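Student: Before I ask anything, here is the structure I am working with.
The values are calculated or read from the model by the stated rules, or taken from the named source; none is laboratory data. Note that the structure is a prediction, hence the values are computed from the model and not measured. Every residue, glycine among them, receives a Cβ derived from its backbone with ideal geometry; neighbour counts consider all protein chains shown. Areas reflect the complete protein model, heavy atoms only, side chains present, ligands, DNA and RNA absent. Shrake-Rupley method; radii C 1.70, N 1.55, O 1.52, S 1.80 Å.
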Amino acid sequence: MISLQNRLACTYSIFLCVLLAGLAVIANIVTKNFFQELVKKSIESKNQEIVRAVRDLYNPWEKQFTLSALEAVGMLFMHEGFIIDLENPSGEKIWDARDMDMEHCVLALQKINERMRSSHGILSEIQNLDFPLYFGAEMIGTVYIASVGPFFYTEAQSEFIARFNKLLGASALVFIIVSVSISAGLAGALARPIKAASDAAHSIAEHYRKGNAPKAFNIALEERYSTVELSELSRSINKLGRELAEAERRQKQLTSDIAHELRTPLTSLQGAIEAFIDGVWTATPERLNALLYEVKRLVKLTEDLRTLTALEWETIVLHKTYFDIAELLETAVSQFEKLSREKGVALIPRLESARIYADYDRIKQVVINLLSNAVHYTDSGTITISVEKEFGKILIKIADTGFGISSADLPHIFERFYRTDKSRSRNTGGSGIGLAIVSAVIAAHNWEISAESKAGKGSVFTITASSP
Ligand code: ADP
């Protein structure tokens, strides 16, 4: 299999070379045609020049041509590849270059013919043209011009064409080298970030397989490329690394939190059971109730964890029905009346009837968790439960005048196992899962929940539900 870099380099190079070859061929054809037209015109004007030169040698008083001068002119043009002969109006020969020097005439034409064949690949023929000569209205003769036709290149023109072709060839070679180098550079620039991204993904997979994944999450790919998609790719891989590192950290944290949560009640259960076995303790109802309380806590914890995992992995199916949220709140509030009365906290329901479409049991669980916290973290004052309708939404608020939550803790309270009581002493009794469940249930309904609080001033939890 060919690498992306090589494939791109080859494709670019081939494309540029084909483009270049095409341009060179077109340039060659255009200049060749243009040059040939130019040469044909120059031959035509040469013929006219010869005609003029011969006519100028006519002496009207003697009614004849000056032969000595004609010979000089004829020999001069012969060397240039034009063989002249002249006849008078009655067709009698006056002068013929071939008669003067047949050998030179043949040689001159042969040389040109050979040059056209070998240097330019043109098989030429001898063309004969005749031009009548007039002195005023009187015809004084006919000049015949034989030359290589339909056109021929002089030595200088031939040399020029050869040089031009060499220059074209050399430039093509330089362009090919330059374009191959540019292609290789361009291909490298495109392939490098993709290779880096693929290496990073590969190393993540490899480390996962070997079980030492965190090492692979320190990905810092260059994110600034001139190509949007490449920058996006690098950014995504870097983000993936960060997200995986965070997920790994949370998973570890979760495992250690669960271990911690289980250890405390299990240790006390173990100690008590050992004490019973050793006969150190007798199983009084109080002691057995205390143990039962720990067991119930454990059962609740595992149940909460199961619920939370199911909610977070979206394996829970919501059984939605239409019901009045005010009725649900009323039922929930009644469950806390005894406890709040004992604590000296007033429960104030301000309920307005509002129909919602939701999973009754899950929403009840949410309300109970919020109410339980409110009662738990409030020692005096009030807990107000209200329902309000606002801009087509239904706001369910649970506001207390309890301990409140510090601004440092507030952003984290919906995280699993987050408790403001860091010592994990049993003072508050919670496990830190209640609000995580609340948040997951609300998210599953596509609703929103927010918390406002100030330490020592109480808290307000607001659920924004959509009205059906
Ligand atoms: P927990 O079982 O510990 O109550 P939660 O997830 O329900 O766990 O709550 C997380 C933390 O948020 C609690 O430990 C508590 O510190 C804080 N919190 C929740 N509700 C309130 C409230 N109404 N007043 C003060 N603190 C609260």
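Student: Report, by residue number, each residue of region 301-326 that is of a type in the set (Gly, Ala, Ser) and crowded, with 16+ Cβ neighbours inside 10 Å.
Tutor: Listed by number, the list holds a single entry, Ala326.
Student: Here is a follow-up. Does region 358-381 include one or more residues that are within 16 Å of Val460 (Cβ to Cβ) and assigned to a strand (DSSP E or B)?
Tutor: Yes.
Student: Using the structure shown, decide if Asn113 is within 17 Å of Val148 (Cα to Cα), among the polar types (S, T, N, Q) and surrounded by 12 or more Cβ atoms within 10 Å (Cβ to Cβ).
Tutor: yes
Student: Within region 223-259, how many residues turn out to be of a type outside the set (Asp, Glu) and open to solvent by 70 Å² or more (accessible area, probe 1.4 Å)?
Tutor: 14
Student: Residue by residue through region 116-170, note down the ones that are among the aliphatic types (A, V, I, L, M), in a helix (DSSP H, G or I) and surrounded by 12 or more Cβ atoms within 10 Å (Cβ to Cβ).
Tutor: Our first condition is that a residue be among the aliphatic types (A, V, I, L, M); within region 116-170, this holds for 116, 122-123, 126, 129, 133, 137, 139-140, 143, 145-146, 148, 156, 161-162, 167-168, 170.
Within this subset, residues satisfying the condition of being in a helix (DSSP H, G or I) are 116, 156, 161-162, 167-168, 170.
Across region 116-170, the qualifying residues are Met116, Ile161, Ala162, Leu168.
Student: Would you please name the residue that is farthest from the ligand (Cβ to nearest atom), looking only at residues in region 391-403 that are in a loop (DSSP other than H, G, I, E, B) and either at pLDDT 95 or above or open to solvent by less than 20 Å² (accessible area, probe 1.4 Å) (or both)?
Tutor: Ranking the qualifying residues of region 391-403, first place goes to Thr401.
Each row is one residue, and each column tells you yes or no for (1) open to solvent by less than 40 Å² (accessible area, probe 1.4 Å); (2) within 11 Å of the ligand (Cβ to nearest atom).
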position: Tyr360; (1), (2): no, no
position: Val367; (1), (2): yes, no
position: Ile413; (1), (2): yes, yes
position: Thr420; (1), (2): no, yes
position: Val438; (1), (2): yes, yes
position: Gly458; (1), (2): yes, yes
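Student: Out of region 142-189, which residues are closer than 30 Å to Leu8 by Cβ and of a type in the set (Gly, Ala, Ser)?
Tutor: Result: Gly169, Ala170, Ser171, Ala172, Ser179, Ser181, Ser183, Ala184, Gly185, Ala187, Gly188, Ala189.
Student: What single numbered condition from (1) open to solvent by 30 Å² or more (accessible area, probe 1.4 Å); (2) within 12 Å of the ligand (Cβ to nearest atom); (3) not in a helix (DSSP H, G or I) fails to hold for Pro468?
Tutor: Single failed check for Pro468: (2).
Student: Also: Considering each residue of region 21-64, count those that are in a helix (DSSP H, G or I), more than 60 Å from the chain's Cα centre (by Cα) and of a type in the set (A, V, I, L, M, F, W, C), and give that number.
Tutor: Total satisfying the criteria: 5.
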